[in-house]
1. Residues of region 112-146 with backbone nitrogen within less than 12 Å of a virtual label 7 Å along the Cα-to-Cβ line of S268, please, listed as ranges.
2. What are the chymotrypsin sites (Phe, Trp or Tyr not before Pro) within region 149-209 that DSSP puts in a loop, where the Cβ has at most 14 other Cβ atoms within 10 Å?
3. What percentage of the solvent-accessible surface of region 123-261, computed with a 1.4 Å probe over protein heavy atoms, is contributed by carbon and sulfur atoms?
4. When the chain is fully extended, how far beyond the present Cα-Cα distance does S390 get from I78, taking 0.36 nm per residue of separation?
5. Can you compute the charge dipole magnitude of region 238-371 about its Cα centre, using +1 on each Lys and Arg Cβ and -1 on each Asp and Glu Cβ, nothing else charged? Give it in debye, rounded to the nearest 20.
6. With labels modelled as points extended 7 Å from the Cα through the Cβ direction, what inter-label distance (nm, one decimal) is found for H44 paired with E288?
7. Between E366 and T308, how high is the FRET efficiency from 1/(1 + (r/R0)^6) when r is the Cβ-Cβ distance and R₀ = 30 Å? Nearest 0.05.
8. Mind putting a number on the dipole of the chain about its Cα centre? Charges go on the C-beta only, +1 for Lys and Arg and -1 for Asp and Glu, and I need it in Debye to the nearest 20.
Amino acid sequence: MALSDHVDLSRFMEGVERRNPGQIEFIQAVHEVAADVFPWIIQHDREEYLEYQILRRIAEPDRVVSFRVCWEDDNHNIRVQRGWRVQNNNAIGPYKGGLRFHPTVTESVLKFLAFEQTFKNSLTGLPMGGGKGGANFNPRGKTDHEVMRFCQSFMTELYRHVGDDVDVPAGDIGVGAREIGYMFGQYKRITNRFTGVLTGKALEFGGSEIRTEATGYGVVYFLANMFEYRDRSLEGMRCAISGSGNVALHAAEKVLHLGGSVHTFSDSGGFVFDPDGVDEEKLAWTKELKEQRRGRIAEYADRYPGATFHADQRPWSVPCDVALPCATQNELSGDDARELVGNGCIAVAEGANMPTDADGIEVFAEAGTWFAPGKAANAGGVAVSGLEMSQNSARLAWEEDEVERQLVDIMAGIHERCVEHGRVADTGDVNYVRGANIAGFVKVADAMLAFGVV
Ligand code: NDP
Ligand code: 2IT
(Lines give C-alpha, C1' and ligand atoms only; values in the text may rest on other atoms or scores of the structure.)
(Ligands and ions follow the chains in the order given, each with its own letter.)
Protein backbone atom coordinates (compact mmCIF):
# COMPACT_ATOMS: atom_id res chain seq x y z
CA MET A 1 0.00 0.00 0.00
CA ALA A 2 1.34 3.43 -0.94
CA LEU A 3 2.35 5.85 1.79
CA SER A 4 -0.05 8.42 0.36
CA ASP A 5 -2.94 6.13 1.36
CA HIS A 6 -2.02 6.75 5.01
CA VAL A 7 -1.09 10.42 4.92
CA ASP A 8 -3.73 13.01 4.30
CA LEU A 9 -4.19 16.70 4.90
CA SER A 10 -6.63 16.42 7.78
CA ARG A 11 -4.42 14.01 9.73
CA PHE A 12 -1.38 16.18 9.04
CA MET A 13 -3.21 19.28 10.29
CA GLU A 14 -4.49 17.46 13.39
CA GLY A 15 -0.85 16.87 14.29
CA VAL A 16 0.13 20.49 13.62
CA GLU A 17 -2.75 21.69 15.82
CA ARG A 18 -1.88 19.25 18.61
CA ARG A 19 1.77 20.29 18.65
CA ASN A 20 1.08 24.04 18.45
CA PRO A 21 -1.92 24.65 20.71
CA GLY A 22 -3.54 28.05 20.29
CA GLN A 23 -1.05 29.24 17.67
CA ILE A 24 -3.78 30.26 15.24
CA GLU A 25 -1.70 32.30 12.79
CA PHE A 26 0.93 29.56 12.51
CA ILE A 27 -1.71 26.85 11.99
CA GLN A 28 -3.44 29.05 9.37
CA ALA A 29 -0.20 29.52 7.41
CA VAL A 30 0.74 25.83 7.53
CA HIS A 31 -2.77 24.82 6.42
CA GLU A 32 -2.63 27.15 3.43
CA VAL A 33 0.60 25.53 2.19
CA ALA A 34 -0.27 21.92 3.10
CA ALA A 35 -3.63 22.14 1.28
CA ASP A 36 -1.72 22.66 -1.97
CA VAL A 37 1.36 20.53 -1.32
CA PHE A 38 -0.34 17.25 -0.30
CA PRO A 39 -2.53 16.84 -3.41
CA TRP A 40 0.42 17.87 -5.61
CA ILE A 41 2.74 15.25 -4.05
CA ILE A 42 0.17 12.53 -4.66
CA GLN A 43 -0.68 13.64 -8.21
CA HIS A 44 3.00 13.83 -9.14
CA ASP A 45 3.98 10.62 -7.43
CA ARG A 46 6.62 12.25 -5.22
CA GLU A 47 6.21 9.86 -2.29
CA GLU A 48 9.78 10.51 -1.14
CA TYR A 49 8.58 13.85 0.23
CA LEU A 50 6.11 11.96 2.42
CA GLU A 51 8.55 9.19 3.34
CA TYR A 52 11.09 11.77 4.51
CA GLN A 53 8.40 13.85 6.26
CA ILE A 54 9.56 16.97 4.44
CA LEU A 55 6.55 19.22 5.11
CA ARG A 56 6.31 18.00 8.70
CA ARG A 57 9.97 19.00 9.13
CA ILE A 58 9.53 22.43 7.49
CA ALA A 59 6.54 23.04 9.80
CA GLU A 60 8.73 22.43 12.87
CA PRO A 61 11.13 25.40 13.19
CA ASP A 62 14.82 24.45 13.47
CA ARG A 63 14.79 26.49 16.68
CA VAL A 64 12.84 29.21 18.48
CA VAL A 65 14.91 31.44 20.74
CA SER A 66 13.00 33.56 23.22
CA PHE A 67 14.57 36.05 25.57
CA ARG A 68 13.95 38.88 28.02
CA VAL A 69 14.66 42.45 26.88
CA CYS A 70 15.01 45.01 29.70
CA TRP A 71 15.34 48.72 29.03
CA GLU A 72 14.84 52.00 30.83
CA ASP A 73 12.36 54.60 29.56
CA ASP A 74 12.93 58.36 29.72
CA ASN A 75 11.17 58.54 33.09
CA HIS A 76 13.59 55.94 34.50
CA ASN A 77 10.98 53.20 34.68
CA ILE A 78 12.39 49.73 34.06
CA ARG A 79 10.49 48.05 31.22
CA VAL A 80 10.53 44.36 30.36
CA GLN A 81 9.69 43.02 26.90
CA ARG A 82 9.90 39.59 25.30
CA GLY A 83 12.07 39.07 22.21
CA TRP A 84 12.28 36.12 19.83
CA ARG A 85 14.18 34.79 16.84
CA VAL A 86 12.53 31.94 14.96
CA GLN A 87 15.01 30.09 12.72
CA ASN A 88 12.65 28.07 10.59
CA ASN A 89 14.74 26.38 7.92
CA ASN A 90 18.24 26.84 6.47
CA ALA A 91 18.22 24.13 3.78
CA ILE A 92 19.01 26.54 0.94
CA GLY A 93 20.92 29.32 2.71
CA PRO A 94 21.44 31.20 5.98
CA TYR A 95 18.24 32.06 7.88
CA LYS A 96 16.91 35.35 6.51
CA GLY A 97 13.89 37.44 7.44
CA GLY A 98 12.76 40.56 9.21
CA LEU A 99 12.30 41.73 12.78
CA ARG A 100 8.90 43.04 13.89
CA PHE A 101 8.41 45.39 16.84
CA HIS A 102 4.69 45.62 17.61
CA PRO A 103 2.50 44.97 20.67
CA THR A 104 0.65 42.20 18.79
CA VAL A 105 3.84 40.12 18.28
CA THR A 106 3.57 36.60 19.72
CA GLU A 107 5.44 33.36 19.13
CA SER A 108 2.61 32.22 16.83
CA VAL A 109 2.87 35.35 14.68
CA LEU A 110 6.65 35.00 14.33
CA LYS A 111 6.41 31.26 13.60
CA PHE A 112 3.88 31.92 10.81
CA LEU A 113 6.11 34.64 9.39
CA ALA A 114 9.25 32.46 9.53
CA PHE A 115 7.38 29.56 7.89
CA GLU A 116 6.10 31.82 5.08
CA GLN A 117 9.55 33.34 4.69
CA THR A 118 11.04 29.92 3.94
CA PHE A 119 8.86 29.55 0.81
CA LYS A 120 9.14 33.21 -0.16
CA ASN A 121 12.93 33.18 -0.02
CA SER A 122 13.01 29.98 -2.07
CA LEU A 123 10.82 31.63 -4.72
CA THR A 124 13.28 34.50 -5.18
CA GLY A 125 15.84 32.03 -6.58
CA LEU A 126 18.48 33.39 -4.17
CA PRO A 127 20.23 31.23 -1.54
CA MET A 128 18.35 32.24 1.60
CA GLY A 129 16.66 30.16 4.31
CA GLY A 130 13.70 31.37 6.36
CA GLY A 131 13.61 33.14 9.72
CA LYS A 132 11.78 35.91 11.55
CA GLY A 133 12.04 37.65 14.87
CA GLY A 134 10.94 40.61 16.90
CA ALA A 135 9.48 41.74 20.17
CA ASN A 136 6.20 42.86 21.74
CA PHE A 137 7.65 46.37 21.99
CA ASN A 138 5.54 49.28 20.73
CA PRO A 139 7.73 51.98 19.12
CA ARG A 140 4.70 54.30 18.80
CA GLY A 141 5.08 57.37 21.02
CA LYS A 142 8.60 56.41 22.14
CA THR A 143 11.44 58.91 21.86
CA ASP A 144 14.48 58.19 19.69
CA HIS A 145 16.50 57.56 22.85
CA GLU A 146 13.98 55.05 24.15
CA VAL A 147 13.99 53.23 20.82
CA MET A 148 17.81 53.26 20.85
CA ARG A 149 18.00 51.76 24.34
CA PHE A 150 15.45 49.10 23.43
CA CYS A 151 17.31 48.19 20.20
CA GLN A 152 20.64 47.98 22.04
CA SER A 153 19.19 45.72 24.72
CA PHE A 154 17.48 43.54 22.07
CA MET A 155 20.73 43.11 20.12
CA THR A 156 22.70 42.39 23.31
CA GLU A 157 20.97 39.00 23.31
CA LEU A 158 20.24 38.56 19.59
CA TYR A 159 23.90 38.88 18.58
CA ARG A 160 24.59 35.35 19.90
CA HIS A 161 22.19 33.83 17.39
CA VAL A 162 22.90 35.77 14.18
CA GLY A 163 25.82 36.25 11.78
CA ASP A 164 26.44 36.95 8.11
CA ASP A 165 26.61 33.19 7.29
CA VAL A 166 24.19 32.14 10.04
CA ASP A 167 21.11 34.33 10.20
CA VAL A 168 20.64 37.79 8.71
CA PRO A 169 17.68 39.81 10.06
CA ALA A 170 16.19 42.96 8.48
CA GLY A 171 13.19 45.24 9.06
CA ASP A 172 9.45 44.57 9.19
CA ILE A 173 6.58 46.35 10.98
CA GLY A 174 8.01 48.87 13.43
CA VAL A 175 11.60 48.26 12.31
CA GLY A 176 12.97 50.66 9.70
CA ALA A 177 16.23 52.47 9.00
CA ARG A 178 16.42 54.02 12.49
CA GLU A 179 16.08 50.70 14.32
CA ILE A 180 18.43 48.86 11.92
CA GLY A 181 21.05 51.58 12.53
CA TYR A 182 20.84 51.22 16.32
CA MET A 183 20.97 47.42 16.13
CA PHE A 184 23.86 47.35 13.67
CA GLY A 185 25.78 49.79 15.87
CA GLN A 186 25.29 47.57 18.91
CA TYR A 187 26.26 44.38 17.03
CA LYS A 188 29.46 46.03 15.82
CA ARG A 189 30.22 47.33 19.32
CA ILE A 190 29.78 43.90 20.95
CA THR A 191 31.59 41.80 18.34
CA ASN A 192 34.05 44.33 16.90
CA ARG A 193 33.11 42.96 13.46
CA PHE A 194 31.88 45.07 10.52
CA THR A 195 29.90 42.48 8.66
CA GLY A 196 26.62 42.16 6.76
CA VAL A 197 24.71 40.80 9.74
CA LEU A 198 21.61 42.91 9.02
CA THR A 199 20.09 44.16 5.79
CA GLY A 200 18.17 47.36 5.24
CA LYS A 201 21.20 49.30 6.42
CA ALA A 202 21.69 52.94 5.39
CA LEU A 203 23.82 53.49 2.27
CA GLU A 204 26.70 54.94 4.33
CA PHE A 205 27.38 51.66 6.12
CA GLY A 206 26.74 48.84 3.67
CA GLY A 207 23.11 49.28 2.66
CA SER A 208 21.87 48.64 -0.86
CA GLU A 209 20.26 51.07 -3.26
CA ILE A 210 16.51 50.35 -3.67
CA ARG A 211 16.20 48.21 -0.48
CA THR A 212 13.89 50.81 1.11
CA GLU A 213 11.64 50.85 -1.95
CA ALA A 214 12.02 47.17 -2.91
CA THR A 215 9.00 45.55 -1.24
CA GLY A 216 6.44 48.08 -2.45
CA TYR A 217 8.01 48.41 -5.91
CA GLY A 218 8.20 44.62 -6.18
CA VAL A 219 4.50 44.22 -5.35
CA VAL A 220 3.59 46.52 -8.22
CA TYR A 221 6.07 44.89 -10.63
CA PHE A 222 4.41 41.58 -9.81
CA LEU A 223 0.98 43.15 -10.36
CA ALA A 224 2.16 44.55 -13.71
CA ASN A 225 3.29 41.02 -14.65
CA MET A 226 -0.20 39.73 -13.82
CA PHE A 227 -1.72 42.33 -16.14
CA GLU A 228 0.82 41.75 -18.94
CA TYR A 229 0.25 37.99 -18.78
CA ARG A 230 -3.36 38.78 -19.75
CA ASP A 231 -2.34 41.39 -22.37
CA ARG A 232 -3.58 44.20 -20.16
CA SER A 233 -1.86 47.12 -18.45
CA LEU A 234 -2.01 48.91 -15.12
CA GLU A 235 -2.59 52.22 -16.92
CA GLY A 236 -5.70 53.90 -15.50
CA MET A 237 -6.32 51.22 -12.82
CA ARG A 238 -7.76 52.57 -9.54
CA CYS A 239 -5.98 51.09 -6.53
CA ALA A 240 -7.05 50.80 -2.89
CA ILE A 241 -4.06 50.42 -0.59
CA SER A 242 -4.10 49.59 3.12
CA GLY A 243 -1.31 50.61 5.47
CA SER A 244 0.80 53.75 5.22
CA GLY A 245 4.20 52.35 6.13
CA ASN A 246 7.22 51.33 4.11
CA VAL A 247 5.41 48.83 1.85
CA ALA A 248 2.22 50.85 1.28
CA LEU A 249 3.96 54.14 0.42
CA HIS A 250 6.43 52.60 -2.04
CA ALA A 251 3.71 50.49 -3.66
CA ALA A 252 1.76 53.73 -4.16
CA GLU A 253 4.83 55.39 -5.68
CA LYS A 254 5.26 52.60 -8.25
CA VAL A 255 1.52 52.55 -9.09
CA LEU A 256 1.84 56.23 -9.99
CA HIS A 257 5.01 55.54 -12.06
CA LEU A 258 3.10 52.91 -14.05
CA GLY A 259 0.05 55.10 -14.74
CA GLY A 260 -2.45 53.83 -12.15
CA SER A 261 -4.16 55.89 -9.45
CA VAL A 262 -4.13 55.48 -5.65
CA HIS A 263 -7.21 56.33 -3.57
CA THR A 264 -6.68 55.05 -0.04
CA PHE A 265 -4.16 54.65 2.78
CA SER A 266 -4.77 53.39 6.30
CA ASP A 267 -3.25 52.79 9.70
CA SER A 268 -4.55 51.24 12.88
CA GLY A 269 -6.73 54.36 13.43
CA GLY A 270 -8.74 54.03 10.18
CA PHE A 271 -8.45 54.85 6.48
CA VAL A 272 -8.42 57.92 4.24
CA PHE A 273 -10.24 58.02 0.90
CA ASP A 274 -9.12 60.51 -1.72
CA PRO A 275 -11.52 60.46 -4.70
CA ASP A 276 -9.15 62.70 -6.72
CA GLY A 277 -6.25 60.31 -6.22
CA VAL A 278 -2.89 60.66 -4.48
CA ASP A 279 -0.48 62.58 -6.73
CA GLU A 280 3.31 62.97 -6.39
CA GLU A 281 2.98 66.01 -4.13
CA LYS A 282 0.46 64.32 -1.81
CA LEU A 283 2.63 61.19 -1.67
CA ALA A 284 5.72 63.22 -0.73
CA TRP A 285 3.68 64.91 2.03
CA THR A 286 2.41 61.54 3.32
CA LYS A 287 5.95 60.12 3.35
CA GLU A 288 7.11 63.08 5.39
CA LEU A 289 4.11 62.64 7.73
CA LYS A 290 4.78 58.93 8.34
CA GLU A 291 8.56 58.68 8.02
CA GLN A 292 9.77 61.95 9.61
CA ARG A 293 6.97 63.13 11.89
CA ARG A 294 5.67 59.62 12.63
CA GLY A 295 2.12 61.06 12.47
CA ARG A 296 -1.30 59.47 11.92
CA ILE A 297 -2.95 59.00 8.51
CA ALA A 298 -6.08 60.91 9.70
CA GLU A 299 -4.03 64.09 9.19
CA TYR A 300 -4.16 63.50 5.41
CA ALA A 301 -7.86 64.46 5.39
CA ASP A 302 -7.10 67.68 7.32
CA ARG A 303 -4.38 68.59 4.83
CA TYR A 304 -6.39 67.63 1.69
CA PRO A 305 -10.05 68.63 2.21
CA GLY A 306 -11.23 66.58 -0.83
CA ALA A 307 -10.32 63.46 1.16
CA THR A 308 -12.31 61.86 4.00
CA PHE A 309 -11.15 59.94 7.07
CA HIS A 310 -13.06 56.84 8.23
CA ALA A 311 -12.13 55.97 11.81
CA ASP A 312 -11.69 52.29 12.77
CA GLN A 313 -12.49 51.06 9.25
CA ARG A 314 -10.53 49.32 6.52
CA PRO A 315 -10.46 50.61 2.96
CA TRP A 316 -12.10 47.65 1.20
CA SER A 317 -15.52 49.32 0.74
CA VAL A 318 -14.03 51.83 -1.72
CA PRO A 319 -14.74 50.96 -5.39
CA CYS A 320 -11.45 50.02 -7.08
CA ASP A 321 -9.95 47.84 -9.82
CA VAL A 322 -7.02 46.64 -7.71
CA ALA A 323 -6.58 46.04 -3.96
CA LEU A 324 -3.14 46.07 -2.36
CA PRO A 325 -3.31 45.05 1.32
CA CYS A 326 -0.03 46.35 2.75
CA ALA A 327 -0.58 46.62 6.54
CA THR A 328 -0.76 43.36 8.49
CA GLN A 329 -2.08 39.79 8.70
CA ASN A 330 -5.81 39.00 8.53
CA GLU A 331 -6.85 42.51 7.55
CA LEU A 332 -9.04 41.41 4.61
CA SER A 333 -11.91 39.03 5.48
CA GLY A 334 -14.42 37.07 3.41
CA ASP A 335 -16.93 39.93 3.74
CA ASP A 336 -14.30 42.47 2.65
CA ALA A 337 -13.46 40.25 -0.35
CA ARG A 338 -17.15 40.00 -1.32
CA GLU A 339 -17.44 43.79 -1.15
CA LEU A 340 -14.34 44.23 -3.33
CA VAL A 341 -15.57 41.70 -5.90
CA GLY A 342 -19.05 43.29 -5.89
CA ASN A 343 -17.46 46.67 -6.60
CA GLY A 344 -15.58 45.32 -9.63
CA CYS A 345 -12.10 44.65 -8.19
CA ILE A 346 -10.24 42.38 -10.64
CA ALA A 347 -6.83 41.92 -9.00
CA VAL A 348 -5.32 41.66 -5.52
CA ALA A 349 -1.59 41.59 -4.73
CA GLU A 350 -0.58 41.13 -1.10
CA GLY A 351 2.10 43.54 0.09
CA ALA A 352 1.66 42.38 3.68
CA ASN A 353 2.20 38.80 4.88
CA MET A 354 -1.07 36.80 4.97
CA PRO A 355 -3.34 39.90 4.99
CA THR A 356 -6.21 37.95 3.40
CA ASP A 357 -7.81 35.34 5.64
CA ALA A 358 -8.82 31.87 4.39
CA ASP A 359 -12.43 32.97 3.65
CA GLY A 360 -11.19 35.95 1.67
CA ILE A 361 -8.91 33.76 -0.45
CA GLU A 362 -11.84 31.43 -1.18
CA VAL A 363 -14.09 34.33 -2.22
CA PHE A 364 -11.44 35.63 -4.65
CA ALA A 365 -10.84 32.13 -6.04
CA GLU A 366 -14.57 31.60 -6.69
CA ALA A 367 -14.92 35.03 -8.30
CA GLY A 368 -11.91 34.48 -10.58
CA THR A 369 -10.13 37.53 -9.09
CA TRP A 370 -6.40 37.45 -9.93
CA PHE A 371 -4.93 36.90 -6.50
CA ALA A 372 -1.18 37.08 -5.71
CA PRO A 373 -0.23 35.81 -2.24
CA GLY A 374 2.33 37.70 -0.17
CA LYS A 375 5.02 35.06 -0.48
CA ALA A 376 5.15 35.82 -4.21
CA ALA A 377 4.05 39.45 -4.47
CA ASN A 378 6.05 40.92 -1.57
CA ALA A 379 9.26 38.93 -2.12
CA GLY A 380 11.01 41.95 -3.68
CA GLY A 381 12.06 43.23 -0.25
CA VAL A 382 13.88 40.12 0.83
CA ALA A 383 15.23 39.68 -2.71
CA VAL A 384 16.99 43.04 -2.53
CA SER A 385 18.12 42.08 0.98
CA GLY A 386 19.74 39.08 -0.71
CA LEU A 387 21.42 41.46 -3.16
CA GLU A 388 22.59 43.56 -0.19
CA MET A 389 24.20 40.41 1.26
CA SER A 390 25.96 39.76 -2.06
CA GLN A 391 27.27 43.33 -2.19
CA ASN A 392 28.45 43.11 1.44
CA SER A 393 30.29 39.83 0.75
CA ALA A 394 31.97 41.35 -2.28
CA ARG A 395 32.62 44.60 -0.36
CA LEU A 396 31.20 46.79 -3.07
CA ALA A 397 28.01 48.68 -3.91
CA TRP A 398 26.01 48.46 -7.11
CA GLU A 399 24.37 51.43 -8.84
CA GLU A 400 20.66 52.08 -8.33
CA ASP A 401 19.77 51.14 -11.94
CA GLU A 402 21.57 47.83 -11.60
CA VAL A 403 19.71 46.86 -8.41
CA GLU A 404 16.33 47.92 -9.79
CA ARG A 405 16.97 45.95 -13.00
CA GLN A 406 17.70 42.86 -10.90
CA LEU A 407 14.54 43.45 -8.84
CA VAL A 408 12.45 43.64 -12.04
CA ASP A 409 14.00 40.37 -13.29
CA ILE A 410 13.49 38.60 -9.95
CA MET A 411 9.80 39.58 -9.77
CA ALA A 412 9.30 38.40 -13.39
CA GLY A 413 11.02 35.12 -12.47
CA ILE A 414 8.70 34.63 -9.48
CA HIS A 415 5.69 35.31 -11.71
CA GLU A 416 6.95 32.71 -14.20
CA ARG A 417 7.43 30.12 -11.43
CA CYS A 418 3.87 30.76 -10.19
CA VAL A 419 2.52 30.31 -13.72
CA GLU A 420 4.54 27.12 -14.25
CA HIS A 421 3.15 25.45 -11.12
CA GLY A 422 -0.20 27.23 -10.87
CA ARG A 423 -1.63 27.16 -14.41
CA VAL A 424 -5.16 25.72 -14.36
CA ALA A 425 -5.36 23.17 -17.17
CA ASP A 426 -9.02 23.69 -18.19
CA THR A 427 -9.16 27.47 -18.18
CA GLY A 428 -5.55 28.52 -18.74
CA ASP A 429 -5.89 30.85 -15.76
CA VAL A 430 -3.35 30.87 -12.93
CA ASN A 431 -3.80 29.82 -9.31
CA TYR A 432 -0.98 31.96 -7.89
CA VAL A 433 -1.47 30.60 -4.37
CA ARG A 434 -0.84 27.05 -5.51
CA GLY A 435 1.92 28.08 -7.92
CA ALA A 436 3.82 29.94 -5.18
CA ASN A 437 3.37 27.18 -2.61
CA ILE A 438 4.55 24.39 -4.91
CA ALA A 439 7.45 26.28 -6.51
CA GLY A 440 8.64 27.49 -3.10
CA PHE A 441 8.33 24.02 -1.57
CA VAL A 442 10.09 21.94 -4.24
CA LYS A 443 13.45 23.70 -4.01
CA VAL A 444 13.60 23.50 -0.21
CA ALA A 445 12.32 19.90 -0.24
CA ASP A 446 14.93 18.71 -2.75
CA ALA A 447 17.73 20.31 -0.72
CA MET A 448 16.44 18.57 2.41
CA LEU A 449 16.31 15.21 0.62
CA ALA A 450 19.95 15.68 -0.37
CA PHE A 451 20.97 16.16 3.27
CA GLY A 452 19.31 12.94 4.50
CA VAL A 453 17.60 12.84 7.87
CA VAL A 454 19.07 15.73 9.85
P1 NDP B 1 5.59 49.64 8.72
O2 NDP B 1 5.83 49.53 10.17
O3 NDP B 1 6.41 50.55 7.91
O4 NDP B 1 4.06 49.99 8.43
C5 NDP B 1 3.04 49.17 8.90
C6 NDP B 1 1.72 49.80 8.51
O7 NDP B 1 0.67 48.87 8.79
C8 NDP B 1 1.40 51.04 9.31
O9 NDP B 1 0.60 51.89 8.53
C10 NDP B 1 0.63 50.48 10.50
O11 NDP B 1 -0.24 51.40 11.12
C12 NDP B 1 -0.18 49.40 9.82
N13 NDP B 1 -0.47 48.34 10.80
C14 NDP B 1 0.43 47.57 11.46
N15 NDP B 1 -0.20 46.74 12.28
C16 NDP B 1 -1.51 47.00 12.15
C17 NDP B 1 -2.67 46.48 12.74
N18 NDP B 1 -2.60 45.49 13.66
N19 NDP B 1 -3.89 46.98 12.34
C20 NDP B 1 -3.95 47.98 11.41
N21 NDP B 1 -2.88 48.53 10.82
C22 NDP B 1 -1.68 48.04 11.19
O23 NDP B 1 5.71 48.13 8.19
P24 NDP B 1 5.94 47.60 6.70
O25 NDP B 1 5.29 48.51 5.71
O26 NDP B 1 7.36 47.28 6.56
O27 NDP B 1 5.15 46.22 6.74
C28 NDP B 1 3.78 46.10 6.33
C29 NDP B 1 3.50 44.65 5.96
O30 NDP B 1 4.38 44.25 4.90
C31 NDP B 1 3.73 43.62 7.08
O32 NDP B 1 2.79 42.57 6.94
C33 NDP B 1 5.13 43.08 6.78
O34 NDP B 1 5.31 41.79 7.31
C35 NDP B 1 5.07 43.06 5.27
N36 NDP B 1 6.36 43.03 4.57
C37 NDP B 1 7.32 43.98 4.82
C38 NDP B 1 8.51 43.94 4.13
C39 NDP B 1 9.56 44.99 4.28
O40 NDP B 1 10.57 44.91 3.57
N41 NDP B 1 9.40 45.98 5.15
C42 NDP B 1 8.82 42.84 3.19
C43 NDP B 1 7.72 41.95 2.94
C44 NDP B 1 6.56 42.05 3.64
P45 NDP B 1 0.10 51.92 12.62
O46 NDP B 1 1.21 52.90 12.42
O47 NDP B 1 -1.17 52.53 13.10
O48 NDP B 1 0.51 50.70 13.41
O1 2IT C 1 8.54 39.77 5.25
C2 2IT C 1 9.62 40.04 4.68
O3 2IT C 1 9.96 39.48 3.63
C4 2IT C 1 10.48 41.09 5.25
N5 2IT C 1 10.10 41.71 6.24
C6 2IT C 1 11.81 41.38 4.65
C7 2IT C 1 12.85 40.41 5.14
C8 2IT C 1 14.27 40.70 4.74
O9 2IT C 1 15.12 39.94 5.23
O10 2IT C 1 14.54 41.63 3.98
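1. From region 112-146, the list is 136-142.
2. Numbers: sites: F150, F154, Y159, Y182, F184, Y187, F194, F205; in loops: F194.
Taking region 149-209 and a limit of 14 other Cβ atoms within 10 Å, the loop chymotrypsin sites (Phe, Trp or Tyr not before Pro) found are F194.
3. 47
4. 108.3 nm
5. For this selection, approximately 360 debye.
6. 5.1
7. 0.45
8. Charge dipole of the chain: 1620 debye, to the nearest 20.
The values are calculated or read from the model by the stated rules, or taken from the named source; none is laboratory data. Everything numeric here is computed off the predicted structure, so don't read it as measured data. Heads up, the Cβs are rebuilt from the backbone with ideal geometry, glycines too, and the neighbour counts pull from every protein chain shown. Side chains are part of the model used for accessible areas, which takes the heavy atoms of the whole protein and leaves out ligands, DNA and RNA. Shrake-Rupley method; radii C 1.70, N 1.55, O 1.52, S 1.80 Å.
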